[in-house]
Each structure stands twice: as structure tokens, then as C-alpha cells.
Amino acid sequence: MKNSTILVFLLSISLTGRSQINFKWETLNANTSKNINDIYFHTSELGYIVGDNYLFKKTTDGGKTWVDLTPPAIGERPGNNGNLVGIGFHTSFSFSTLDSGLYLTWEKGYHGVSTHNEGGAYKVFSYPDSNQFCNASGFSVLPALRGNGYVNLYTYGQNCKGKAIYNNYYNGPFSIQVSDSVNSIDSGKYTTVAADSFSTIFGHDDGYLRRYPFVTSKPDSIYLDSFGVTSVAYAGNHTWYAATASGRNNMYVSYDSGKTFVLDATFPRTFHYPVINEMSFLSPNIGVIAATSNGQNGVVIIKDSSNWFFLTAPHPLHAAKLFANGVAYVAGDNGLIMRSGDRDTTIGLEEMQGRALQVFPNPTTDKLYVTGLKGLNVQSIRLLNLSGIEVKSFTPLNHELDVGDVPNGIYLLEVVVDGQRLTRRVIKHPS
């Protein structure tokens with residue numbers, strides 16, 4: 001069962017003004033105190049978590065309930081503690097050499113593992129060398145470069161010689177495995193990876209990005225700072241974000257498909273000193289980020305247009321996922337997993353508690369339709385930004401709302417009935 005407590009975090013914008021807003025997130029009860037290292041969601045309702053000490057769970061109802069899945073018993077090096085650090089899903093296709101299923105990565109493994117039936121049975125997902133990964137950071141299933149139909153399955157981290165290493169199972173009609181430590185910086189490890197149709201970019205804990213324009217090409221080296229790269233993400237429209245562990249002045253942005261990066265001047269310096277661990281973007285202006293704050297707490301960071309919002313969490317956060325319908329998840333230490341999204345929120349409006357207010361389509365590109373207000377005394381309908389500032393108002397009797405002239409971003413739709421407020425979060429996407 002989901003924890004009955006709903007936490008409302010005070011969102012504050014440090015050093016950029018005094019605006020404040022209550023932003024509601026649910027803390028979900030996954031019935032574990034183990035650290036959650038990675039998450040994978042098929043949809044906003046069906047998802048999986050993996051973590052320390054053989055943690056492997058599934059939800060089919062958006063995190064309200066969780067069931068334990070049987071963890072793998074193969075692939076890990078003897079004498080270790082069962083830490084799973086990565087999970088992804090690969091869909092087989094007509095010329096694929098791999099089966100459809102979930103792919104899991106051990107922190108310290110001889111090989112990865114895959115399961116086609118959610119832990120009912122496992123197969124080894126082999127690395128070319130069983131000593132290739134002595135300290136894996138994660139696993140990602142990424143689209144092929146140049147749109148050639150292949151799929152890239154990346155495992156990345158540190159090899160047993162202390163060098164940064166990745167392994168790419170390049171799956172297609174002529175599948176190959178490509179590994180690279182020669183082009184990496186000699187010591188350290190790869191901490192993150194992402195891709196668009198033009199390149200694959202790895203982050204290194206020595207502060208470099210390694211950008212591969214082709215699968216077997218020599219990478220470009222892009223230096224950010226000496227604190228080490230912690231996360232990199234593609235946000236669409238040739239825009240990339242990269243973050244380092246410095247805690248301040250640590251968000252970088254690229255507008256040229258990852259060829260060059262500069263400090264993002266819109267990202268504020270805050271008392272959170274966030275070390276960003278994972279970023280999930282719908283567009284260059286809409287994203288959710290999981291981070292560690294001051295080395296002991298967590299912080300959720302929301303990107304909305306040129307604004308950044310920060311919400312404190314009780315434990316460090318390692319994973320983030322944002323869906324097009326506005327549902328977001330973050331997860332981290334001590335079994336913490338939180339959800340923000342599409343559930344209606346009411347403030348002191350008893351008549352609406354049993355009523356199904358709906359706003360659709362959400363996300364939208366030009367129009368919103370509001371239902372569930374029939375027979376009520378609607379006094380105002382307004383669209384607010386996340387600082388509570390009105391962006392646009394609408395005629396109370398008109399439940400077809402034109403938002404075509406509103407900038408892309410995340411908003412609150414506020415409906416006032418008999419002096420009381422009902423709010424619904426909406427997302428505006430580019431057409």
C-alpha cells in the first residue's frame with residue numbers, strides 16, 4: 001500500500017527572488033529501506049526498481065503497490081553484496097540477435113543478465129571479457145546513430161585495471177560488441193551516458209565528456225571542470241545538458257548537438273549545493289532532475305522554461321523519469337521513491353472531492369478542454385506559472401481554453417468555484 005502521508009514540499013527559488021509555491025509530490029511506499037539505484041518504467045503506471053542487496057520490485061498502478069520480483073542468481077562476482085545498478089528494456093525485432101526483456105546490471109559482475117519474464121528465468125548478457133567491469137556505473141538502452149535501425153545496449157563504469165570502460169552491444173542484423181578503454185582517460189570511470197541521432201556522449205568522473213559521432217570513431221573530448229561529470233542528457237532540438245559534482249556553477253548546456261558546452265546562466269546558485277545524478281527532459285524547457293543536496297539529503301529540480309525550481313527530499317536521489325503526461329518519478333537512498341503527476345488536487349472544495357475534473361489533452365499544443373464543472377458556480381479560470389503568476393485568464397463559462405499563444409512549459413490551471421480553488425497541472429508542448 002502507498003504511504004497514506006502525502007508530503008507537500010515548500011518550493012523555494014534561492015537567490016532569484018522570493019516567490020514560493022506549494023508543489024505536491026507523493027512519497028510512495030515500496031516496502032523497502034534498501035537504496036534504489038535505478039528505475040525503468042514502460043508507462044507512467046508500469047515500472048521497476050533495482051538497488052542494493054538484490055532489490056528488484058515492480059508496480060502496475062503508478063507506485064501505489066509494489067511486488068517483489070526474484071533477483072538474478074547469476075553473473076555477479078562471488079563475495080559481493082548483490083547491488084544492482086542498472087535496468088533497461090530491450091524490444092526484440094525481426095533482425096535482432098537479442099531477446100525482448102529486462103536487462104539488469106550488477107555493480108560488480110562478470111556479466112550482465114536478462115529476463116524475458118520478470119525474474120522467472122535469467123540468461124547471461126555476456127561481456128567480451130569477464131574482467132571488463134569491476135565497478136559498473138549503470139546500463140542504458142539507447143537508439144542507434146544515424147537512424148540505421150540498430151539498438152545500442154551500453155554498460156559503463158570502470159574495468160579491473162582502474163580505467164574508464166564501456167561496452168556497447170550493437171544489436172542488429174550484424175551485431176557486434178564495441179568496447180573502449182583505449183580512448184578513455186587512463187584512470188577513473190564513466191558515470192553516465194546519453195545519445196541523440198548524431199552522437200553518443202559519456203560523462204567521466206575526471207570532468208570530461210567523451211563524444212562519439214560514430215560507433216567505432218575516436219571520440220571528441222570536452223572538458224567541463226575538475227569535479228567530475230555526474231549526469232548528461234539529451235533534451236531535444238539539438239540541446240544537451242551536462243552536470244558536474246561541484247555543487248555550484250555545475251549545469252552546462254549545449255545547443256549544437258553536444259559539440260560544445262557552456263555554463264547555463266539560467267541555473268541558479270542555491271543553498272542546496274546539488275550534485276545532479278540523473279536528468280529526464282521532454283524538451284529543452286521541460287525537465288525533472290534527481291540530485292543529492294549537501295551530501296546527505298535529496299533535491300528534486302524542475303526545469304520550466306528559463307526557470308529552475310528546487311524541492312527538498314529526505315534522502316539522496318539517484319534516478320529520475322518524466323513522462324509526456326506530466327507524471328514524474330524520482331528515487332534514491334533508503335527506499336525513497338516519489339511521484340508527481342496527474343492526480344487531481346483540491347483545496348477546501350468539498351463538492352469537488354467526489355467529482356472527476358478532467359483537463360485534456362494533457363500535454364497539449366494549442367487547446368485544453370475542461371470537464372467536471374457542470375452545475376458549479378465557476379468564478380474564474382486562470383493559467384499560472386510555477387511561481388503563481390498569472391499567464392492567461394479565460395472566460396468562466398468557456399471550458400474550451402486556447403493556449404496556443406502560451407510559451408511551452410509546465411503550468412497550473414486554477415479554477416475558482418464559490419471562492420475556493422481547484423488546481424490541475426498541465427504541460428504545454430511545441431506543436
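We did not get these values from a lab; they are worked out from the coordinates using the rules stated. Note that this is a predicted model, so its numbers are computed, not measured. When we count neighbours, we look across all protein chains shown, and the Cβ atoms used for this are built from the backbone with ideal geometry, even at glycine.
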(request) Classify region 102-238 as rounded, prolate or oblate from the Cα gyration tensor: take a ≥ b ≥ c as the square roots of its eigenvalues, call it rounded if a/c is under 1.5, otherwise prolate when a/b beats b/c and oblate if not. (result) oblate
(request) For ARG421 and PHE95, calculate 0.36 nm times their separation in residues minus their Cα-Cα distance, and state this gained length in nm to one decimal. (result) 111.9 nm
(message) Taking the Cα centre as origin and putting +1 on Lys and Arg beta-carbons and -1 on Asp and Glu beta-carbons, what dipole magnitude results for region 8-340, to the nearest 20 debye?
(response) 240 debye
(request) Rank the residues PHE214, PHE174, PHE310 as a footprinting-exposure proxy: fewest other Cβ atoms within 10 Å of their Cβ go first. (result) PHE174, PHE214, PHE310
(request) Would you be so kind as to identify which of VAL391, HIS90, ALA243 lies farthest towards the positive end of the dipole of the chain, taking Lys and Arg as +1 and Asp and Glu as -1 on Cβ and the Cα centre as origin? (result) ALA243
(message) Show me, for region 278-290, the HN-Hα J-couplings you get by feeding each phi into the Karplus relation (A = 6.51, B = -1.76, C = 1.60, θ = phi - 60°), rounded to Hz, glycine and proline as x.
(response) 7, 10, 9, 10, 8, 7, x, 10, 9, x, 10, 10, 9
(message) Under the rule a/c < 1.5 gives rounded, and otherwise a/b versus b/c splits prolate from oblate, where does region 8-340 land using the Cα gyration tensor?
(response) oblate
(message) With θ taken as phi - 60° and the coefficients 6.51, -1.76 and 1.60, list the Karplus ³J(HN,Hα) couplings across region 119-124 in order, rounded to whole Hz; mark glycine and proline as x.
(response) x, x, 7, 10, 10, 6
(message) Run the numbers for PHE360 and SER221: contour at 0.36 nm per residue of separation, minus the present Cα-Cα distance, in nm.
(response) 45.6 nm
(message) Given contacts defined as C-alpha pairs under 8 Å and at least six residues apart, what's the relative contact order of the chain, whole-number percent?
(response) 10 percent
(request) Pop a pseudo-label 7 angstrom from the Cα along the beta-carbon direction at both SER33 and ASP61 and give the gap in nm to one decimal. (result) 2.6 nm
(request) Could you run the Karplus curve 6.51 cos²θ - 1.76 cosθ + 1.60 with θ = phi - 60° over region 381-389 and give me ³J(HN,Hα) per residue in whole Hz, x for Gly and Pro? (result) 9, 9, 9, 10, 7, 6, 9, x, 8
(request) When a/c is below 1.5 the answer is rounded, else prolate if a/b is larger than b/c, else oblate, so apply that to region 196-350 with a ≥ b ≥ c taken from the square roots of the Cα gyration tensor eigenvalues. (result) prolate
(request) Among LEU153, SER114, PRO213, pick out the residue whose Cα is farthest towards the positive end of the charge dipole of region 8-340, where Lys and Arg carry +1 and Asp and Glu carry -1 on C-beta, about the Cα centre. (result) PRO213
